[in-house]
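Only the coordinates and a few stated rules stand behind these numbers; no lab work does. Note that the coordinates shown come from a computational prediction; the quantities given were computed from them, not determined experimentally. In this analysis, Cβ positions are derived from the backbone assuming ideal geometry, glycine residues included, and neighbour counts consider all displayed protein chains.
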Amino acid sequence: MSNSLKPLYWIGSSKKDLISLPELVRDIVCYALHLSQDEKKHVQAKPLKGFGGAGVLEVVEDYLGNTYRAFYTVRLADGVYVLHCFQKKSTSGIATPKPDMDLIYERLKVAQEHAKGSTK
């Protein structure tokens with residue numbers, strides 16, 4: 001275990017969105033984020049397809065018949081950036097809906113800009 005954890009940054013409404021999820025889901029996501037701050041990976045964290053080398057990870061948790069997802073990146077040197085958390089509403093397919101993918105992409109750009117600014 002390292003001596004210090006990487007800082008955690010919340011992009012957009014990601015913190016408010018996480019807080020609104022059921023407690024069990026929050027606990028799993030928060031533990032995954034904590035592990036990532038210590039440069040470890042939660043067993044449920046999987047790379048999100050379509051982001052190449054951006055290192056966007058996804059944690060999916062099913063709870064009481066609903067599916068919840070949280071997305072974050074660990075590839076930026078200055079910390080862990082939480083990009084998006086939501087309850088998946090679509091009943092067809094497992095793919096992340098396009099509006100959510102677009103939001104993740106936009107928030108990743110914000111995180112990259114923040115990381116550039118903090119290294120100057």
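Miscellaneous remarks
- Pair list, Cβ < 7 Å and 6+ apart or interchain, from the range 6-31 residues that are of a type in the set (Ser, Thr, Tyr) to residues that are assigned to a helix (DSSP H, G or I) and surrounded by 13 or more Cβ atoms within 10 Å (Cβ to Cβ): TYR9/ALA111; TYR9/HIS114
Every residue, every condition in (1) exposed (fewer than 14 other Cβ atoms within 10 Å of the Cβ); (2) among the aromatic types (Phe, Trp, Tyr), yes or no:
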position	(1), (2)
SER36	no, no
HIS42	no, no
PRO47	yes, no
GLU61	no, no
ASN66	yes, no
PHE71	no, yes
ASP102	yes, no
GLU113	yes, no
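- Among the numbered conditions (1) free of Cβ contacts under 8 Å to residues at least 40 places away in the same chain; (2) under 13 Å from the mean Cα position of the chain (by Cα), the only one that LYS98 does not meet is (2).
- Whenever a residue of the range 43-64 is on the phi > 0 side of the Ramachandran plot, its partners that are surrounded by 16 or more Cβ atoms within 10 Å (Cβ to Cβ) and among the charged types (D, E, K, R), lying with C-beta atoms within less than 6 angstrom and at least six residues away or across chains, give the pairs GLY55/ARG75.
- Filtered residue count, the range 76-102, keeping only those that are outside any loop (DSSP other than H, G, I, E, B) and within 30 Å of LYS116 (Cα to Cα): 12
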